[in-house]
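Take a look at the structure below.
The values are calculated or read from the model by the stated rules, or taken from the named source; none is laboratory data. Given the structure is predicted, the values throughout are model-derived calculations rather than measurements. Positions of Cβ are generated from backbone atoms using ideal geometry, with glycine treated the same way; all protein chains shown enter the neighbour counts. Side chains included, ligands, DNA and RNA excluded: accessible areas come from the protein's heavy atoms. Shrake-Rupley method; radii C 1.70, N 1.55, O 1.52, S 1.80 Å.
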Amino acid sequence: MSVTNEKTIKKRRSKGERTKHLILESAIAILAKQGIKGATHRAIASHANIQLSLTTYYFKDIQELVQQAFELNSANIISDVDNLWQPAIDLVDKQSKADLRRVSVRVALRAEIANLLVELVTTTTTDNHQQLIVEQQLFSEVQVTPALRAIAKEHHLAQLQPCLQLCQYFAQDNLEINAEILLTQIQQICYRQLLADNSQSVDKIHSIINQALAIVIRVKP
């Protein structure tokens with residue numbers, strides 16, 4: 001194969017990949033605005049401002065398109081997870097094992113970590129509003145679409161990892177349970193923040209996170 005032909009193939013492949021990515025991002029936007037029932041080839045093509053035939057060219061059916069849109073949305077969320085949790089993990093990592101056994105240190109850490117997690121919630125609900133809506137749809141849709149269960153499970157495990165990393169500094173017993181409690185509370189707060197008429201005050205969010213951290217860090221609420 002000549003160099004010219006090879007460059008042409010790479011260029012076409014790159015253009016095709018960009019088009020496919022555009023379709024998937026448009027599908028995510030439609031899922032967020034109209035739900036899974038509104039995610040049709042026509043609606044997605046219209047949002048992407050491309051020919052309808054391109055959506056059927058790159059995806060054999062709407063189920064494949066929607067599934068890959070959920071996968072991309074999950075990847076987008078997970079790519080931010082570690083960065084959002086890192087300040088809290090770094091804070092605890094600076095403490096010695098002896099200090100972490102002191103109640104006064106754990107109480108102080110709980111207050112600081114709570115502030116960082118409130119910031120995490122605020123950043124997530126502000127910057128990833130659309131992604132959160134689609135994430136919530138993924139967890140709901142697995143009840144009727146078994147093909148999405150693997151995506152949902154992998155997504156959950158990836159989100160659980162930083163919680164496990166934080167919790168392991170304080171106790172190894174009940175580690176997974178504590179991590180699940182912390183993740184569940186944060187997710188529920190984020191989901192409630194999606195409701196404009198039911199958004200919670202910063203003080204309430206702080207109180208809920210404090211309660212969860214009391215279990216994790218083993219201090220009195």
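Among all helices in the chain defined by DSSP H, which have a length of 15 Å or more along the axis from Cα atoms plus a Kyte-Doolittle mean of at least -0.5? Please list the in-between numbers first.
Working: long enough: 3-34 (46 Å, -0.71); 62-93 (46 Å, 0.14); 103-127 (35 Å, 0.75); 129-141 (18 Å, -0.45); 149-167 (26 Å, -0.02); 175-193 (27 Å, 0.14); 202-217 (21 Å, 1.24).
What comes out of the filter, once short or polar helices are dropped, is 62-93, 103-127, 129-141, 149-167, 175-193, 202-217.
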Taking the radius of gyration and the Kirkwood hydrodynamic radius from Cα positions alone, what is the Rg/Rh ratio for the range 6-162, to two decimal places? 1.13
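Can you show me the helix-derived [θ] at 222 nm for the chain, built from DSSP H runs with n ≥ 4 at -39,500 (n - 2.57) apiece and divided by the number of residues, rounded to the nearest 500.
Per the formula, -26500 deg cm²/dmol.
Quick check: at a probe of 1.4 Å, how many percent of the accessible area of the range 145-221 sits on carbon and sulfur atoms?
Details: 2170 of 4090 Å².
About 53 percent, which is the carbon plus sulfur part of the accessible surface.
Dividing the convex hull volume of the alpha carbon atoms of the range 84-139 by its residue count, what do you get in Å³ per residue? Can you show the working numbers first?
Values: hull volume 5.0 nm³, N = 56.
It is 90 Å³ per residue.
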Cα→Cβ-extended label distance, 7 Å offset, between residue 56 and residue 202, nm: 5.2
Where nothing but the Cβ of Lys and Arg (+1) and of Asp and Glu (-1) is charged, how large is the charge dipole of the range 69-212 around its Cα centre, in debye to the nearest 20? 480
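Any idea of the accessible area per residue across the range 69-221, 1.4 Å probe, to the nearest Å²?
Details: 7940 Å² over 153 residues.
Dividing the accessible area of the range 69-221 by its residue count gives 52 Å².
Of the chymotrypsin sites (Phe, Trp or Tyr not before Pro) in the range 145-200, which ones lie in a loop per DSSP and count no more than 14 other C-beta atoms within 10 Å?
Values: sites: 169, 170, 191; in loops: 169, 170.
Within the range 145-200, no chymotrypsin sites (Phe, Trp or Tyr not before Pro) qualify (loop, at most 14 other Cβ atoms within 10 Å).
Size of the dipole of the range 95-147 about the Cα centre, Lys and Arg at +1 and Asp and Glu at -1 on the beta carbon, nothing else charged, in debye to 20?
My answer is approximately 540 debye.
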